[in-house]
Amino acid sequence: QVQLVESGGGLVQPGGSLRLSCAASRSILNVYRMDWHRQAPGKQRELVASSHSVGTTTYADSVKGRFTISRDTTKNTLYLQMNSLKPEDTAVYYCHVPWGVSEYWGQGTQVTVSS
């Protein structure tokens, strides 16, 4: 069993920045893939960014060049640095980790981009 706890969400003005964190209850040293997803009101949950243990990262087209996913294995934490935020980035952001035969989700953290 793994617990994932997100933090760092909040209210920010357009053009602003936030950094989300996802702390895992176990070592992430050998975890192959960790993701950030988001779900806006009335919309389906979508994949925002993925971090692979081999060092590669992938992003949704809508966030490329603005968001950066990273992981710190010494802190068992996944991050999402979000810059140049837009109102359409408003959503609940979730950390997701496929782990063995299971998959785990955090509880989500709200990000609201509004003036």
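Points to keep in mind about this one:
- The label-point distance for residue 88 and residue 70, in a model that sets each label 7 Å from Cα toward Cβ, rounds to 2.7 nm.
- Centroid-to-centroid separation of region 63-115 and region 31-58 [C-alpha atoms, Å]: 7 Å
- A 1.4 Å probe over all protein chains sorts 46, 6, 103 by accessible area into 103, 46, 6, starting with the largest.
- Among 66, 45, the order of accessible area from largest down is 45, 66, computed with a 1.4 Å probe on protein heavy atoms.
- Here the chain is assigned +1 on the Cβ of each Lys and Arg and -1 on the Cβ of each Asp and Glu. Its dipole about the Cα centre then comes out at about 120 debye.
- 17 Å cut-off, amide nitrogen to a point 7 angstrom out along residue 43 Cα→Cβ, residues in region 67-92: 67-68, 82-92
- Shape category assigned to the chain from the gyration tensor of Cα positions, a/c cut at 1.5: prolate
- Residues of type aspartates and glutamates that residue 75 reaches as a straight line, Cα spacing below 18 Å, ignoring anything fewer than 8 places off in the same chain: 6, 35
- For residue 28, residues with placed amide H under 5 Å, excluding near neighbours: 76
The values are calculated or read from the model by the stated rules, or taken from the named source; none is laboratory data. Since this is a predicted model, take the numbers as computed values, not measurements. Glycine gets a Cβ as well: all are built from the backbone with ideal geometry, and neighbour counts include every protein chain shown. Heads up: the accessible areas ignore ligands, DNA and RNA and are worked out on the full protein's heavy atoms, side chains in. Shrake-Rupley method; radii C 1.70, N 1.55, O 1.52, S 1.80 Å.
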